[in-house]
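Shown next, in structure tokens, is the structure this report addresses.
The values are calculated or read from the model by the stated rules, or taken from the named source; none is laboratory data. Predicted, not measured: the structure shown is a model, and the values here were computed from it. Cβ placement follows ideal geometry from the backbone for every residue including glycine, while neighbour counts extend to all protein chains displayed.
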Amino acid sequence: MKRLLILAALLVALVPLAFASGGGETSATGTSATAGDFGKRIGGANYWMAKFDQPVTLHVVNFERPQTPFLPGDGTTKNEWTRGIKEFLNIDIVTDWVSDSAGYTAKLNLAIASKELPDVFRCDPIQFTQLVEAGMVADLTDYQANNLSGMVFKIMEAAPVVTASAKFNGRLMGLPTYGYGDLWQIYDLWIRNDWMKQSGLPAPKSIADLEKIMDSFMKANPGSYGMGAEKTLNEVFKSGAAFNAKPRIWVDGPDGSIVYGSVQPEMKAAIAKWAEWYKKGYLRKDFMAIDQRAIVGDIAAGKVGVHFMENWAGWVYVDAVKALGMDAFMAPYEIPTESGKPGIFPIGFDNGAYLVVNKNSKVIPAALKSISFVSWVCMEATSQGILTDAQVDRYLLKGEGRHTMIPIELNDPYGNGPAMVEWAHKVGLNNYQITEPAMTSEWKAQYDQAAPWWRDKSPTGYGRWIQQYYPQSSGWQNLQVIKQGRYVATRLTGAMPAEGAAYGSTLDELLVEGFTKIIVGEQPLSYFDTLVAQWKSSGGDVTTKAVNRAYGKKK
Amino acid sequence: MPSRLQKTLSREGPYYALILPAVIVVFVFHYVPLYGVVIAFQRFNVARGFSSPWVGFANFQQIFSQVQFLRTIGNTVFIAVLKIIGGILVPVTFSLLLNEIGNVLVKRFFQTLVYLPYFLSWVILAGVFIDMLSLSGIVNKAVVFAGGKPIQFLADPTLFPWVMVVTDVWKGFGFGTVVYLAAITSIDPGLYEASLVDGAGRWMQTRRITIPLLAPTVVLMTVLSLGNVLNAGFDQIYNLYSPIVYSRGDIIDTFVYRLGIVQAQYSVGAAVGLFKSAVSAVLISLSLFLADRFAGYWVF
């Protein structure tokens, strides 16, 4: 009896072990050495790169990118970046935790809720707004001048609308991670090159031209169908410019208030045309049950040769080239319109995340200097002669390594903008000889990515080549649209307000479901109006009002 | 003279002590977090945590105003009830049939064979079924061969719930078969021998001995699955559905996923979760009452 009691007592004592599993991760807010040189400047272009006298510890959090070809022995927490930042700035990067890419937001939410945040981290727009309102992020305005490089300022100036979204009452509360620039937001129409040549038809200027092309393809290749489409209806939304529609962005409505593009009358015309295409057999009969992988597979199998996609679609279509031959690549074209006149393209908000510094951090200058360092390596280190191409490649790792230091990485609308496209275009026209020096190391790294196409006739270079070096590359065509001002930018220049975010993606999904029914013929075109009314009553009105309150002209 | 309490403690004390760690763990991980239910009545903001602004029933009002949510309730109950019925009828029938097989090796072989799909995840099976049920898949090839037109199994809202039920029952009936087969083999063989003397045939034996004695197990399995009537199988539906079948195939969990999890809208997710729990509590109580009433089966 006594023995049993002792046994039971031991078991109770073991209970804490149940709680110990799964934990064990310590995370500290900004700590350790003070930044001894706050205020100290060194001269020249790299004024911000003042090395700390004492080592400074910078806590970050990150997520895995399994496709990164790390150097042997390196990983997300220890790599060329952490070594470089130590060498040049005397900052020790300590990674508190690393999650998988899908679970990062949830894990960060947990960290925010338990108030265990690192010094600097990346968050999404909704978290950013919440953190600012709760007073948990540092005001960076006064730290900019000494710690952000001239190149970072150039990036900030290259996308002023995006930069403004990080300012609250004129104070800079974080750095947007930026996108690659507006020109990369324009969708293209991708058409199979060898089939185009065979048909002898010119580049499509109107929808009628496009239909002729699809007819010709289907006739020449029995068993194929005309146009790729899948269950998310993404292709329908990407084709918006063909119908003067502005799907998925918020635009100025006829009465001056902001309205959602997907429920405007122009969208009705788009759906009508796609319904016609389904009836005529241009689309797969079962498109509403398949996903994009199936379409890409169909392209590689020679079952379809026309598809609306992003500028970077080449990276996705590379299997087609591998399977069907170098001439069977998918080539980008500007999206044709119903009238035949040049189209107007909708452009979304070119930013998806923010880098923020913990309010309690004692090493704010170190955080900003680290951010500047990443941009410096990518864009200035070689032109300044401080690092060689080979050394920079150990950081960039053929382009993938650049994204290792996510908590301190800014994308680059400045370096990836018109200047790069013009440079690459010239190279392409000059038999791929580099005519002028590359402005940044990234241009050179991307040139190396594309080179296998023309040098070795290898498909691995296709994705980059078709994006920038092909004479009619997607980048080049998109640049013309931007130069001619044929675009409309969304009025939602920041995070969706909380009242709208509460509906998640269900409002868009309601439209996808209804549009699909119209396209396959289950509902007549007049159902569009019923659908819009349903959208409004299921949260669309609430969301529209919230967007107008936050981004309307009254400000 | 030790009191009754002391006697009880000395006899049963050690057993309570053995359960105590488990009770503490359940209490800490399942009861204490119940406080988190308050999220359903707030506009939850991770930065503010539990001090987020209170909004009363606004979250519930929001979801009940969404036409998509209301129909998910009907879809969920429809699919779940069919799955429960199928999940009983098929394993019971199959175990009765399996019981008739004399050769033990053959019996074991089939038992293992039908049990295997239970262990496969829906992510894998979804890929298999999407291929099999596509317009050019093996099932439609058979349909065309028999003279029919290809059927869009996964893109037809009327067919979709039935496809979900059939594939799910196929995947899971091996598990039920094992349970029922065990219950059948535990029936006293003396009963069968006695019935033989009375001139009972095989079918009579099944009807009058096997099925009635199997009933408590069936009732228990049903009761256990009734708590699931609002869980129509997120894994399976999520991997197989598409917008065209939302009208009959969208269930509460997939809707909440799109509403709350994708954009970390914890408040509305918690509101729906609370709603589901409340309904499930009522249904479980009802099923326990029914089990007691009609099968004399009292769980406690």
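The figures follow:
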{"item": "Flag for A:Tyr487 being in contact (Cβ under 8 Å) with a residue 40 or more places away in the chain, within 11 Å of another protein chain (Cβ to nearest Cβ) and hydroxyl-bearing (Ser, Thr, Tyr)", "result": "no"}
{"item": "Only listed residue being part of a helix (DSSP H, G or I) and within 14 Å of chain B (Cβ to nearest Cβ), chosen from A:Thr460, A:Thr543", "result": "A:Thr543"}
{"item": "Search result, residues across segment A:276-320 that are touching a strand residue (DSSP E or B) at 6+ places or on another chain (Cβ under 8 Å) and assigned to a helix (DSSP H, G or I)", "result": "A:Ile295, A:Ile299, A:Gly314, A:Val316, A:Tyr317, A:Ala320"}
{"item": "Boolean, B:Phe41 is under 30 Å from A:Met288 (Cα atoms), buried (at least 17 other Cβ atoms within 10 Å of the Cβ) and in contact with a Phe, Trp or Tyr (Cβ under 7 Å, 6 or more places away or on another chain)", "result": "no"}
{"item": "Matching entry among A:Asp119, A:Asp124, A:Asp139 (being surrounded by fewer than 23 Cβ atoms within 10 Å (Cβ to Cβ) and in contact with a helix residue (DSSP H, G or I) (Cβ under 7 Å, 6 or more places away or on another chain))", "result": "A:Asp124"}
{"item": "Test: residue in segment A:54-64 that is buried (at least 16 other Cβ atoms within 10 Å of the Cβ) and on the phi > 0 side of the Ramachandran plot", "result": "no"}
{"item": "One residue from B:Val218, B:Val165, B:Val178 being under 20 Å from B:Phe78 (Cα atoms) and touching a residue at least 24 places away in the same chain (Cβ under 8 Å)", "result": "B:Val165"}
{"item": "Condition broken by A:Gly340, with the remaining ones in (1) part of a helix (DSSP H, G or I); (2) more than 14 Å from every other protein chain (Cβ to nearest Cβ); (3) not hydroxyl-bearing (Ser, Thr, Tyr) satisfied", "result": "(1)"}
{"item": "Residue check for B:Pro161: in contact with a Lys or Arg (Cβ under 6 Å, 6 or more places away or on another chain), within 14 Å of chain A (Cβ to nearest Cβ) and within 19 Å of B:Pro243 (Cβ to Cβ)", "result": "no"}
{"item": "Matching residues, segment A:505-540, being within 11 Å of chain B (Cβ to nearest Cβ) and of a type in the set (Asp, Glu)", "result": "A:Asp508, A:Glu509, A:Glu513, A:Glu522"}
{"item": "Tally, over segment A:322-336, of residues that are touching a Gly at 6+ places or on another chain (Cβ under 9 Å), farther than 16 Å from A:Asn221 by Cβ and assigned to a helix (DSSP H, G or I)", "result": "0"}
{"item": "So B:Arg43, is it closer than 28 Å to B:Ala264 by Cβ, within 9 Å of chain A (Cβ to nearest Cβ) and touching a Ser or Thr at 6+ places or on another chain (Cβ under 8 Å)", "result": "yes"}
{"item": "Segment B:117-139 residues that are touching a residue at least 40 places away in the same chain (Cβ under 8 Å), paired with ones that are of a type outside the set (S, T, N, Q) (beta carbon under 6 Å, 6 or more apart)", "result": "B:Pro117/B:Lys171; B:Tyr118/B:Gly172; B:Tyr118/B:Gly174; B:Tyr118/B:Phe175; B:Trp122/B:Asp235; B:Ala126/B:Leu240"}
{"item": "Test: residue in segment B:54-66 that is within 27 Å of the chain's Cα centre (by Cα) and within 9 Å of another protein chain (Cβ to nearest Cβ)", "result": "yes"}
{"item": "Selection from segment B:62-72 of residues that are surrounded by fewer than 19 Cβ atoms within 10 Å (Cβ to Cβ) and at pLDDT 90 or above", "result": "B:Arg71"}
{"item": "Cβ-Cβ under 7 Å pairs, at least 6 apart or on other chains, segment B:144-156 side closer than 15 Å to A:Arg284 by Cβ, far side surrounded by 10 or more Cβ atoms within 10 Å (Cβ to Cβ) and polar (S, T, N, Q)", "result": "B:Pro150/B:Asn140; B:Ala155/B:Ser242"}
{"item": "3 or more residues crowded, with 16+ Cβ neighbours inside 10 Å: qualifying helices (runs of 4 or more DSSP H) within segment B:192-300", "result": "B:211-226, B:234-240, B:246-249, B:252-256, B:266-295"}
{"item": "In segment A:80-123, residue nearest to the other protein chains (Cβ to nearest Cβ) [restricted to those that are touching a Phe, Trp or Tyr at 6+ places or on another chain (Cβ under 8 Å) and assigned to a loop (DSSP other than H, G, I, E, B)]", "result": "A:Asp100"}
{"item": "Residue that is nearest to the other protein chains (Cβ to nearest Cβ) [pool: residues in segment B:114-139 that are of a type in the set (S, T, N, Q) and in contact with a helix residue (DSSP H, G or I) (Cβ under 9 Å, 6 or more places away or on another chain)]", "result": "B:Ser134"}
{"item": "Meets criteria (within 14 Å of chain B (Cβ to nearest Cβ) and in contact with a Lys or Arg (Cβ under 7 Å, 6 or more places away or on another chain)) for A:Ala502", "result": "no"}
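Residues checked against (1) within 20 Å of A:Met196 (Cα to Cα); (2) modelled with pLDDT of 95 or more:
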site: A:Leu210; (1), (2): yes, yes
site: A:Ile213; (1), (2): yes, yes
site: A:Lys238; (1), (2): no, yes
site: A:Ala245; (1), (2): no, yes
site: A:Gly256; (1), (2): no, no
site: A:Tyr260; (1), (2): no, yes
site: A:Met267; (1), (2): no, yes
